[in-house]
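Chemist: Here's a structure for you.
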Amino acid sequence: MAKRRRRWRRQRCCSSDPPLAVAAAALLLLLLVVVTAAPVVDAAAAGRHVVQRHLDRINKPGVRSIHSADGDIIDCVPRHKQRALDHPLLANHTVQTQPSQMPASASLLDRRQQLSRRAWQTWHHSGHCPRGTVAVRRTAAADVQRARSLALFGRKKQMRSPLPAPDVVTGNGHELTMHAIGNLRQHAIAYTAAEVYGARATISVWAPEIDEANGFSLSQLWILSGSFNGSDLNSIEAGWQVSPELYGDNRPRLFTYWTSDAYEATGCYNALCPGFVQTSSRIAIGASISPVSSVGGPQYDMTLLVWKDPKLGNWWLSYGDGAGGLVGYWPAELFTHLSDHATMVEWGGEVVNTHPPGSAHTATQMGSGHFAAEGFGRAAYFRNLETVDADNSLAAVPLDAIQTMAEDAGCYDIRKAYDDDDGRGGWGAHFYYGGPGHNTASCP
């Protein structure tokens with residue numbers, strides 16, 4: 001009897017094992033799914049949180065927001081609450097609302113003004129920012145997400161490279177590598193080497209076609225000082241650019257850039273990091289420019305002036321003519337070599353070629369996409385090249401003081417000239433530049 005009872009107990013025990021095992025297995029599987037899925041959900045949420053925190057740092061609250069027809073949102077941010085003042089070097093900085101002095105100009109009237117017209121900004125058709133604010137293009141989450149990383153968002157790649165690059169030895173002994181990274185960046189530029197305190201030029205505005213999503217094409221001026229083959233290069237830059245990666249479209253946009261360490265850790269485009277102090281409620285850095293030039297049609301251009309305030313040492317930017325076009329300034333505290341003066345000025349175009357070595361060259365256009373020889377109405381131009389001297393006076397740059405350079409003239413080229421029209425006004429020192437990039441005749 002006892003044996004049968006023990007046998008019955010063993011049978012009863014064992015007969016319940018399968019349901020328990022199934023339940024245990026199901027519970028284990030559920031836990032495995034939850035544990036496996038949770039990090040994916042958490043990682044995505046964490047990513048969105050990181051992007052939002054970055055946007056909160058960039059996009060300061062505005063007193064008014066303007067929705068532009070091109071899709072931009074322009075926020076009118078109180079001047080004393082702008083992003084620039086978050087820079088640790090500007091903790092005790094007092095915003096300079098006006099330069100102490102504009103550069104004196106001896107320029108004559110432009111006899112060809114009727115042939116070119118002023119390009120302005122698209123958002124002006126939709127509203128305006130009140131006095132005491134600065135006009136700031138709002139950065140969207142999609143802008144950040146297009147970047148290769150959060151650390152690289154709004155920044156140029158490091159410009160130095162161990163790869164060979166065309167060198168130009170300037171009159172003052174500087175070795176200029178033209179910022180080339182092997183085949184990655186290509187230029188068509190004019191430059192002058194001297195002790196300068198600013199520069200001005202009038203630049204035609206185009207909408208060049210971009211071949212790759214992470215490519216760009218720009219036209220700008222550079223104010224430079226420091227070592228071109230070291231890590232202490234100081235650079236102030238302004239112009240227009242087309243960059244689908246940075247802005248999400250193919251419109252030309254006003255931009256600024258700065259670095260005090262050869263693009264390694266400091267500086268950025270526009271107001272995407274602290275640094276450039278904006279003073280204008282009328283001009284938004286990063287906003288699109290319109291109208292633009294067309295081949296055989298109207299030519300639109302913009303005038304940029306960068307100069308060092310003779311009293312406070314800040315480097316000011318003006319867009320257009322006169323004090324009404326003041327945009328803001330790069331504070332002297334940001335720089336080492338440029339706290340004194342610049343040693344070189346460059347004007348011209350730059351594109352990035354992201355095609356792998358051995359493949360076809362990029363078809364990203366520079367300027368209008370046409371070569372310099374095609375001239376006015378077809379090729380892009382810089383005209384009335386001037387520099388600012390130690391007396392805060394603008395002077396035309398002599399043609400023989402300007403050197404030109406293009407890494408591959410079969411893809412993009414440049415031609416300089418001088419036009420003074422016997423003293424009646426003209427384009428002074430100027431150049432045409434640009435090209436189509438890839439073409440079967442000269443740029444395979």
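Chemist: Which sequence of Glu407, Glu209 reflects their accessible areas, 1.4 Å probe, from the largest down?
Modeler: Glu209, Glu407
Chemist: Separate question: Please give the contour-minus-distance gain from Arg117 to Asp321: 0.36 nm per residue of separation, less the Cα-Cα distance, rounded to one decimal in nm.
Modeler: 72.2 nm
Chemist: Quick one: length gained pulling Ser339 to Arg48 fully straight, 0.36 nm per residue minus the C-alpha distance?
Modeler: Taking Ser339 through Arg48 to full extension adds about 100.8 nm, to one decimal.
Chemist: Still on this structure: So how exposed is Ser442, as accessible area in Å² (1.4 Å probe, rounded to 10)?
Modeler: Ignoring ligands and nucleic acids, Ser442 comes out at about 50 Å².
Chemist: Just how many % of Cα pairs in the stretch 339-410 lie over 20 Å apart, if you round to the nearest whole percent?
Modeler: Here the tail beyond 20 Å accounts for 50 percent of pairs.
Chemist: With each label point set 7 Å from Cα along the Cα-Cβ vector, what nm distance links Lys311 and Ala147?
Modeler: Placing both labels 7 Å along Cα→Cβ, they lie 3.7 nm apart.
Chemist: Starting from the residue with the highest accessible area, list Glu333, Glu386 in decreasing order, probe 1.4 Å.
Modeler: Glu333, Glu386
Chemist: I've got another one for you. Return the whole-Å distance between the Cα centroid of the stretch 280-307 and the Cα centroid of the stretch 245-262.
Modeler: 14
Chemist: Given a Förster distance of 45 angstrom, what is the FRET efficiency for Asp232 paired with Asn439, based on the Cβ-Cβ distance and rounded to 0.05?
Modeler: With a Förster radius of 45 Å, E is 0.70.
Chemist: Please compute the alpha carbon radius of gyration of the stretch 220-261, then divide it by the globular-protein estimate 2.2 N^0.38 Å. Two decimals is fine.
Modeler: It is 1.39.
Chemist: Which value in nm describes the separation of the simple spin-label points at Ala194 and Asp389, placed 7 Å from the Cα toward the beta carbon?
Modeler: So the two model labels end up 0.8 nm from each other.
Chemist: May I ask you to compute the full-extension gain from Leu55 to Asp420, defined as 0.36 nm times their residue separation minus their alpha-carbon distance, rounded to one decimal in nm?
Modeler: Once the chain is fully extended between Leu55 and Asp420, it gains 126.5 nm.
Chemist: Can you find, among Thr387, Ile402, Gly369, the residue sitting farthest towards the positive end of the charge dipole of the stretch 334-402, where Lys and Arg contribute +1 and Asp and Glu -1 at Cβ?
Modeler: Of Thr387, Ile402, Gly369, it is Gly369.
Chemist: Would you mind getting me the FRET efficiency between Ser65 and Asn250? Use the beta-carbon distance for r and R0 = 30 Å, nearest 0.05.
Modeler: 0.80
Chemist: For the stretch 227-306, what does the convex hull of the Cα positions come to per residue, in cubic angstrom?
Modeler: Residue-normalised Cα hull volume stands at 138 Å³.
Chemist: I'd like the accessible area for Met102: 1.4 Å probe, protein heavy atoms, all chains in place, Å² to the nearest 10.
Modeler: Near enough 60 Å² of accessible area.
Chemist: How would Val95, Val295 line up by accessible area, probe 1.4 Å, largest first?
Modeler: Val295, Val95
Chemist: Additional query: With all protein chains present, calculate the accessible area of Trp123 using a 1.4 Å probe and round the result to the nearest 10 Å².
Modeler: About 10 Å², ignoring ligands and nucleic acids.
Chemist: Take the Cα radius of gyration of the stretch 311-444 and divide it by 2.2 N^0.38 Å, with N its residue count; two decimals is plenty.
Modeler: 1.28
Chemist: Please state, to two decimals, what the Cα-based radius of gyration of the stretch 265-362 comes to when divided by 2.2 N^0.38 Å (N = residues).
Modeler: Against the compact-globule rule of thumb, the ratio is 1.37.
The values are calculated or read from the model by the stated rules, or taken from the named source; none is laboratory data. Not measured: the values here are computed from a predicted model. Here Cβ is always computed from backbone atoms with ideal geometry, including for glycine, and neighbour counts include all displayed protein chains. Surface areas here come from the heavy atoms of the whole protein model, side chains and all, with no ligands, DNA or RNA. Shrake-Rupley method; radii C 1.70, N 1.55, O 1.52, S 1.80 Å.
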